[in-house]
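Colleague: I have a structure here, written as structure tokens, and I will follow up with some questions on it.
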Ligand SMILES: [Zn+2]
């Protein structure tokens with residue numbers, strides 16, 4: 001049966017990076033934030049390179065919703081589809097005829113808090129509650145399936161071995177070249193377009209190669225303590241345990 005690897009998590013969890021890597025493996029294809037194909041936001045439905053006239057995006061428009069991912073894998077002639085649709089609502093009602101394997105991708109509370117605060121809302125309590133709500137909803141949804149927890153910080157520290165582990169788990173052929181695939185041109189749509197721009201211009205993007213320690217310079221001591229004492233930390237530690245137990 002065809003397979004869908006759905007990378008789920010909060011904004012800035014690293015899903016663009018991971019989806020590019022997995023989607024570059026043999027017989028797999030990354031479709032990014034495909035939920036934009038169903039939404040009427042014209043600005044998010046355009047490609048990061050060609051704009052609205054992208055033949056790659058137009059090619060996969062208007063597929064039936066209930067079997068969206070399996071139709072996509074038929075049309076693209078590959079057995080494994082990788083999506084970075086991060087929230088359960090994007091998968092609901094679209095999973096006919098495909099084996100769904102969610103990956104819950106997460107970062108440490110202080111790293112994730114730093115990412116969220118540097119991209120918009122500067123209220124630390126509110127951001128941590130958002131993480132708590134999102135990861136609670138994702139875990140509840142994913143637990144109906146055979147799901148994987150992946151610690152993005154650990155992944156960055158040991159990319160080759162984590163990728164080998166994921167390949168084994170998803171029955172994909174390991175290819176070390178996949179690790180640098182993010183550095184090529186990609187026809188992204190939606191939210192990935194922003195990440196794409198930052199990758200290509202190296203502006204405000206951590207170039208995907210290093211463990212991110214920017215929180216140490218950006219977060220106050222108070223906010224670092226808050227991150228580790230917030231209820232979200234419990235969820236985080238549970239996900240870390242599942243990851244380390246299975247890795
Ligand atoms: Zn394009």
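Colleague: Which whole-number percent gives the relative contact order of the chain, counting Cα pairs below 8 Å spaced six or more residues apart?
Modeller: Contact order relative to length: 30 percent.
Colleague: Using a Gaussian network for the chain with springs between C-alpha atoms less than 10 Å apart, which of these wobbles most: 164, 107, 140?
Modeller: Evaluated over the chain, the most mobile residue of the options is 140.
Colleague: Given axes a ≥ b ≥ c from the Cα gyration tensor, I'd like to know whether region 110-174 is rounded (a/c under 1.5), prolate (a/b larger than b/c) or oblate.
Modeller: On the way: a/c = 4.05, a/b = 1.61, b/c = 2.51.
Oblate.
Colleague: Moving on. Using only the alpha-carbon atoms, how far is helix 124-142 inclined from the longest principal axis of the chain? Give it as 0 to 90 degrees, nearest 10.
Modeller: Its long axis makes an angle of about 40 degrees.
Colleague: Related question: What is the helix-to-structure angle for 159-170, meaning the angle in degrees between its Cα long axis and the longest Cα principal axis of the chain, kept from 0 to 90 and rounded to the nearest 10?
Modeller: Helix 159-170 sits at roughly 50 degrees to that axis.
Colleague: Further, regarding this structure: If you build a Gaussian network model of the chain, linking Cα atoms that sit under 10 Å apart, which residue out of 67, 84, 115 swings the most?
Modeller: Maximum fluctuation in the GNM of the chain, among the listed residues, is at 67.
Colleague: Computed on alpha carbon atoms, what radius of gyration and Dmax characterise region 19-93, expressed in Å?
Modeller: 12.0, 32
Colleague: Eigenvalues of the Cα gyration tensor times 5, then square-rooted: what semi-axes does that give for the chain, in whole angstrom, largest first? Please report the intermediate quantities before stating the final value.
Modeller: Numbers: eigenvalues 154, 82, 67 Å².
Three semi-axes, in Å: 28, 20, 18.
Colleague: While we're on this one: Based on DSSP H runs of at least 4 residues, each adding -39500 (n - 2.57), what is the mean residue ellipticity at 222 nm of the chain after dividing by all its residues, to the nearest 500 deg cm²/dmol?
Modeller: -12500 deg cm²/dmol
Colleague: Roughly how many Å is it from the Cα centre of region 36-57 to that of region 101-124, as a whole number?
Modeller: Each part's Cα centre sits 26 Å from the other's.
Colleague: Another one. Under 10 Å, Cα contacts only: if you run a Gaussian network model on the chain, which one of 222, 86, 46 comes out with the highest mean-square fluctuation?
Modeller: The residue that fluctuates most here is 222.
Colleague: How far, in degrees from 0 to 90, does helix 232-246 lean away from the longest principal axis of the Cα atoms of the chain, to the nearest 10?
Modeller: That helix lies at roughly 60 degrees to the long axis.
Every number in this text was worked out from the coordinates using simple rules, so none of it is lab data. Computed from a predicted structure; not experimentally measured.
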